[in-house]
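S.K.: A single structure is presented below for examination.
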Amino acid sequence: MEKLDENRFKNTSMTRIILFVVNFLVIVFMSIVSSNTIGLICENTMAREFIEKIKSVPTVAWKMPVFSMLLLFILSLSVITRERFFKKDQLKLYLFCIFDILLCIGIMFYLNMDYKGILLIAIANIVTYIDGRKRKSIFILVIIIIYITLDYNILSIRINMFNINDYVQYYTSMQRLYIFSIKNILNSINEIIFILFMVQVIQSEKDENEKISDLYIKLYKSSEELEVINIQLQDYARKSQETAKIKERNRLAREIHDTIGHTLTGIAIGLEACIELSEFDISKMKIQMTKISELARSGLLDVRRSMNELRPDSLERFSLIAAISKLSEDINECTNTKVKIEIKGQVNKMGADEEEIVYRIVQEGITNAVRHGAASEIIITLQFSENKLEINIKDDGIGSDEITKGFGLKHIEERVDMLGGEVNFGGDCAGGFIISALLPIRREIKND
C-alpha cells in the first residue's frame with residue numbers, strides 16, 4: 001500500500017505544480033492591472049474623480065503583489081516541507097491543510113476577494129494528503145462554505161470593498177475586453193488543471209483498486225493451490241507411513257529369520273552330532289550339549305534384541321571382524337562344519353548400517369551352507385579396498401544346478417540393494433555354492 005501511495009503522489013505532483021504556476025500568473029496579472037490603472041489615473045489627473053466614485057480606498061498598490069506572492073510562496077514551501085518530512089504523519093498533515101486554508105484566505109483578502117481560484121490548491125492538497133473519506137469530506141465541506149461566503153458580491157453588501165472592475169472602467173472598451181478575456185482564460189485554465197488533477201486522482205484510485213483486486217485473486221488462487229498441495233502432502237505422508245511400515249515389517253522379518261535360522265541350524269546340526277557321539281563317547285556328547293545350550297541362549301538373546309533394536313548383539317559388543325569371528329566359532333564348536341575367515345586389504349571403518357548388513361550376509365551365507373548345502377567347510381573372504389568391500393562365501397556342499405531363491409537369498413539381495421551394491425549366486429552339483437557381493441563403503445578409511 002505504501003508503494004501505491006508513492007505512485008499517487010508522483011502522478012499528481014506535476015499537476016499541482018502547474019496549478020501553482022497558473023495561480024501565480026493570476027496574481028501577477030491582477031497586480032499589473034491595479035498598478036497600471038493607478039498610474040493611468042495619475043497621468044490623466046483623474047484622482048479626484050476616481051476617489052469620488054469608489055466605495056472604499058483600495059489597498060496600496062505595492063501591497064497586493066508583495067503580500068499575495070509572499071503568502072503563495074509560504075503555501076508552496078509548506079507543501080515541499082510536508083512532502084519531505086511529514087508525508088506519513090496524519091496529525092501534522094491535518095494542521096498543514098488548515099494552514100493551507102488560512103493562507104488561501106489571506107491571498108484572497110489581498111486580492112480584494114475578487115479571485116477564489118486559489119482555494120482549488122487547498123482542495124488539491126486535502127485530496128492528496130488526507131486519508132479517509134470522512135476526513136476529506138469534512139475539509140472539503142469547510143472550503144466549500146468559505147468559497148460560497150467569502151465572495152465579493154456577498155461581502156460588498158455589508159462591507160465597503162474595492163473591486164478590480166473599478167479599475168477596468170478607466171480603460172477603453174477594447175482594453176477592457178482584453179483584460180476580462182485574459183482574466184477569464186486564466187480562471188478557466190486554473191479550473192481545467194484542477195479537473196485534470198481530480199481525473200488523475202480518480203484514475204489512480206481506480207488503478208489501486210484494480211491492483212488490490214488482482215492481488216486478492218492471486219492470493220485466492222494461491223490459497224486454493226496450497227489447499228490442494230496440502231491434501232497431496234497428507235496423502236503422500238499417509239502413503240509414506242504405510243511404505244515405512246511395510247519396509248519395517250520386512251526388515252523385522254529378515255532380522256528374525258537370520259537370527260533364528262542361524263541359531264536353529266547350529267542347534268540341529270549340533271544335535272545330530274550328539275546322536276552320533278551318544279553311541280561311543282558320552283563325555284564328548286555332554287561337552288557338545290553344553291555348547292549347543294550356550295548357542296541356544298545366545299540365539300534367544302539375539303531374538304530379544306532383534307525385537308528391541310534389530311542390531312546383532314555381537315556387533316554391540318565387538319567390532320565387525322570380531323563379531324564374524326564369533327559367528328564362525330559358534331559353528332565350529334557346535335557342528336562338524338568348519339568355517340574359515342580370510343581378511344584381505346586394510347579393514348575399513350564402516351557405518352553401523354553397513355556393518356549390520358555385512359554381518360547378516362555372512363550369517364545367512366553360513367546358515368544356508370550348513371542347512372541346505374550340508375557343507376563340511378565354508379571359506380569366507382572379505383576383500384577390503386578403497387571405499388568398497390567384496391564378500392565371497394564359498395562352501396563344499398552339494399551345490400545346485402538351478403538356483404531357487406528362498407527367503408534367505410532374497411534377504412541378501414534386499415540388503416545389498418539397500419547399500420547400492422551387487423550380489424551374485426552360483427553353484428553346481430560338483431563345486432558347492434558361492435555367494436559374491438560387492439558393497440560400496442561411504443565412510444572414510446581408518447584402521448580397525
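The values are calculated or read from the model by the stated rules, or taken from the named source; none is laboratory data. Only a predicted model underlies this, so the values are computations on that prediction, with no experimental measurement involved. Using ideal geometry, Cβ is built from the backbone for each residue, glycine included, and neighbour counts are taken over all protein chains shown. Heavy atoms of the whole protein, side chains included, go into the accessibility calculation; ligands, DNA and RNA do not. Shrake-Rupley method; radii C 1.70, N 1.55, O 1.52, S 1.80 Å.
S.K.: Filter segment 156-173 down to the residues that are at pLDDT below 75, among the polar types (S, T, N, Q) and either surrounded by fewer than 16 Cβ atoms within 10 Å (Cβ to Cβ) or outside any helix (DSSP H, G or I) (or both) and list them by number.
M.R.: 160, 163, 165, 169 - these are the residues of segment 156-173 that are at pLDDT below 75, among the polar types (S, T, N, Q) and either surrounded by fewer than 16 Cβ atoms within 10 Å (Cβ to Cβ) or outside any helix (DSSP H, G or I) (or both).
S.K.: Still on this model: In this structure, is residue 104 under 23 Å from residue 13 (Cβ atoms) and within 49 Å of the chain's Cα centre (by Cα)?
M.R.: Numbers: under 23 Å from residue 13 (Cβ atoms): yes; within 49 Å of the chain's Cα centre (by Cα): no.
Taking the combined requirement at face value, the residue does not satisfy it.
S.K.: Checking residue 112 against (1) crowded, with 18+ Cβ neighbours inside 10 Å; (2) within 45 Å of the chain's Cα centre (by Cα), which test does it fail?
M.R.: Checking residue 112 against (1) crowded, with 18+ Cβ neighbours inside 10 Å; (2) within 45 Å of the chain's Cα centre (by Cα), the one that fails is (2).
S.K.: Please report, ordered by residue number, the helices (runs of 4 or more DSSP H) entirely within segment 227-337 with at least 2 residues that are open to solvent by 50 Å² or more (accessible area, probe 1.4 Å) and modelled with pLDDT under 75. Quick ask: steps written out before the conclusion?
M.R.: Working: elements: 282-308, 313-317, 320-334.
Ranges flagged: 282-308, 313-317.
S.K.: When you scan segment 201-215, do you find a residue that is at pLDDT below 75, part of a helix (DSSP H, G or I) and among the aliphatic types (A, V, I, L, M), even just one?
M.R.: no
S.K.: Here's something else I'd like to know. Condition first: of a type outside the set (D, E, K, R), open to solvent by 70 Å² or more (accessible area, probe 1.4 Å) and modelled with pLDDT under 85. Now tell me which residues in segment 174-196 satisfy that.
M.R.: Correct list: 175, 180.
S.K.: Within segment 377-412, can you find the residues that are more than 21 Å from residue 343 (Cβ to Cβ) and either exposed (fewer than 15 other Cβ atoms within 10 Å of the Cβ) or among the hydrophobic types (A, V, I, L, M, F, W, C) (or both)?
M.R.: 398, 401, 402, 403, 404, 405, 406, 407, 409, 410
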